[in-house]
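Trainee: Sharing a structure below in structure tokens format, with a few things to ask.
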Amino acid sequence: MMARRGSAPVRMSSAAAVLLACCAPGLLSARQAGPVLSLDAAVALAREQNRTLEAQRLDVEKATQQLEAFGTQKLPAIDVNVSTGSLLVPLDFRFAQGVFGMFPGIGPVPGADTVVRTDPRLTSVVLATVRQPLTQLRRIDFGARALSVSRDVAREQVRGREAEIAAGVKTLYYGIVQAEAGLRARAESVRLHRELVRVVEQFAKERAVLPADLLSVRAALMKEEHQLAAARNAATGYREQLNATLGRELEEPFEVEPLQPARVTDEDLRAAESVAAVQRTEVRISRLQSEQAEFALRATRKPFAPDLSVSFNYAGFYGFEMLPRHGALFGVLATWEPWDWGRARAERQEKRLVRNQAQIAARETEAMVRVDVRARFRAVHEAFDLVQVTEAAREAAREQLRVATERFGRQAALERELLEAQTRLAQSDFDCQQALAGYWTARAEFERARGDQ
């Protein structure tokens, strides 16, 4: 408690004086200025230099290669098998007497039972097949479209990762904006407390207050300067995190654009819902998955007739005495499974259920996105109102402390009034910083819910 003016003085603690002299200098040291880094530029840098995002983009390339590989099924399939080696045992070809008929003047051919032997030696067998699908092309096309959707899903996942990075950058950027606003507010509080210390020091010289009173106000000033240093450290931490996210040196200086809290309106909500329905990654992926399930269902549809392909078959036998050297067949290849014991029907029913699940999930995702957007909108609205309230309370507390300091200097106020004004200002500063932090956090979450990139 401050002593009433005119009381007997007591010598101030030398340790407290030394502590104040050591701690006060440097707390307000100037930070090195740098070029202005806009929020859009920060987001763009993060997209270009984020390693995780670069690795995820390779998933899109992998899906593209899978699609190209699957598309080759529409082209002729060429299969060549060549087997070269030596017979383990001789090949005996037996021909019965007269197996080739009876000829006048010659008799039976052959005239007696005959065995033609192929002794073990180097031989080769060549089998080649060329098939061009015909009726299967429709199913292959549906399968390719399903894989194409998979590639689109991979792209949307990259977009989602980009949105997460953008949201993280915005959170850090808004954190810097909020921290610097806190620095300005703390600096003003420090100025008011220094003025208070000056007034009390003047009374201490006149022996109108106790040294304990002077120590109390100096301790309050040191507390404010400590909180100013803590706010500066918080801003420095945000800057280092943002530089790390952007792939830059941690100490690289930059300035942020001045941003002020802004009220959101019902028009902003309607626009945000419309944008989210188009931009939110969850919605786009759920729609793509529903489309993919539809293509997969169509790909299981089989015709009630054989699958037809244009076919060319070649067989070559080299090193065999009795076998023809070449043989070829060109025509139509028909494959058909007339009875599968219900397997195809069960598989098609399973695909139909997957399609229905995907459609339900898409509708549910859209509904939940709208709920999320509205909740974030209300949070921003409430946070903005709270900022207005706390800023008004802080201005009132500052004015009360200024008036109390002036009245104390004119010996028109009690020490209790001055202490109460100090306490109110400290609490209002804390409330205002909390409200600003809540607003910028809510703002970042609202922009994320809106699907901003």
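The values are calculated or read from the model by the stated rules, or taken from the named source; none is laboratory data. All figures in this text were calculated on a predicted structure; none of them were measured in a lab. Positions of Cβ are generated from backbone atoms using ideal geometry, with glycine treated the same way; all protein chains shown enter the neighbour counts.
Trainee: When you scan the stretch 204-214, how many residues do you find that are in a helix (DSSP H, G or I) and buried (at least 20 other Cβ atoms within 10 Å of the Cβ)?
Mentor: Residues in the stretch 204-214 being in a helix (DSSP H, G or I) and buried (at least 20 other Cβ atoms within 10 Å of the Cβ): 2 in total.
Trainee: Please enumerate the residues belonging to the stretch 399-410 that are in a helix (DSSP H, G or I) and either out of contact with any Leu (no Cβ under 6 Å at 6 or more places or on another chain) or without any contact (Cβ under 8 Å) to a residue 60 or more places away in the chain (or both).
Mentor: Answer for the stretch 399-410, where residues must be in a helix (DSSP H, G or I) and either out of contact with any Leu (no Cβ under 6 Å at 6 or more places or on another chain) or without any contact (Cβ under 8 Å) to a residue 60 or more places away in the chain (or both): Glu399, Gln400, Arg402, Val403, Ala404, Glu406, Arg407, Gly409.
Trainee: Here is a further query. Quick one: how many residues across the stretch 77-113 are part of a loop (DSSP other than H, G, I, E, B) and among the hydrophobic types (A, V, I, L, M, F, W, C)?
Mentor: 9
Trainee: Kindly establish whether Phe408 is surrounded by 22 or more Cβ atoms within 10 Å (Cβ to Cβ), of a type in the set (Phe, Trp, Tyr) and at pLDDT below 85.
Mentor: Answer is yes for this residue.
Trainee: Also: Can you name every residue in the stretch 261-314 that is surrounded by fewer than 16 Cβ atoms within 10 Å (Cβ to Cβ), among the polar types (S, T, N, Q) and not in a loop (DSSP other than H, G, I, E, B)?
Mentor: Listed by number, the list holds a single entry, Ser274.
Trainee: Then there's this: Please name all residue pairs, on different chains or six or more residues apart, with Cβ atoms under 9 Å, provided the first residue is in the stretch 316-330 and is in contact (Cβ under 8 Å) with a residue 60 or more places away in the chain and the second residue is among the charged types (D, E, K, R) and outside any strand (DSSP E or B).
Mentor: Gly316/Arg325; Phe317/Arg325; Tyr318/Arg325; Gly319/Arg121; Glu321/Asp119
For every residue, the table says whether it meets (1) in contact with a helix residue (DSSP H, G or I) (Cβ under 7 Å, 6 or more places away or on another chain); (2) over 18 Å from Val275 (Cβ atoms); (3) not β-branched (Val, Ile, Thr).
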site: Glu347; (1), (2), (3): no, yes, yes
site: Leu353; (1), (2), (3): no, yes, yes
site: Asn356; (1), (2), (3): no, yes, yes
site: Ala361; (1), (2), (3): yes, yes, yes
site: Val373; (1), (2), (3): yes, no, no
site: Leu386; (1), (2), (3): yes, yes, yes
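Trainee: Something else: Can you tell me which residue among Ala44, Ala8, Ala33 is out of contact with any strand residue (DSSP E or B) (no Cβ under 6 Å at 6 or more places or on another chain), at pLDDT 80 or above and either assigned to a loop (DSSP other than H, G, I, E, B) or surrounded by 13 or more Cβ atoms within 10 Å (Cβ to Cβ) (or both)?
Mentor: Ala44
Trainee: Next up: Considering each of Ala449, Ala392, Ala396, Ala437 in turn, give the residue that is modelled with pLDDT of 80 or more, within 38 Å of the chain's Cα centre (by Cα) and in a helix (DSSP H, G or I).
Mentor: Only one candidate passes the filter, namely Ala449.
Trainee: Okay, next question. Which residue, of Glu240, Glu252, Glu195, Glu224, is part of a helix (DSSP H, G or I) and either modelled with pLDDT of 85 or more or aromatic (Phe, Trp, Tyr) (or both)?
Mentor: Glu240
Trainee: So, one more: With respect to Glu282, is the statement that it is farther than 20 Å from Asp40 by Cβ, in contact (Cβ under 8 Å) with a residue 24 or more places away in the chain and within 23 Å of the chain's Cα centre (by Cα) true?
Mentor: For Glu282, the condition - farther than 20 Å from Asp40 by Cβ, in contact (Cβ under 8 Å) with a residue 24 or more places away in the chain and within 23 Å of the chain's Cα centre (by Cα) - is met.
Trainee: Which condition breaks for Asp152 when tested against (1) under 48 Å from the mean Cα position of the chain (by Cα); (2) acidic (Asp, Glu); (3) loosely packed, with under 14 Cβ neighbours inside 10 Å?
Mentor: Evaluating Asp152 over (1) under 48 Å from the mean Cα position of the chain (by Cα); (2) acidic (Asp, Glu); (3) loosely packed, with under 14 Cβ neighbours inside 10 Å leaves (3) as the failure.
Trainee: Name the single residue that is modelled with the highest pLDDT among those in the stretch 49-60 being loosely packed, with under 11 Cβ neighbours inside 10 Å and either in contact with a Phe, Trp or Tyr (Cβ under 9 Å, 6 or more places away or on another chain) or not hydroxyl-bearing (Ser, Thr, Tyr) (or both).
Mentor: Ala55
Trainee: Considering Leu210, Leu172, Leu228, which residue is more than 41 Å from the chain's Cα centre (by Cα) and aliphatic (A, V, I, L, M)?
Mentor: Just a single option satisfies the conditions, and that option is Leu210.
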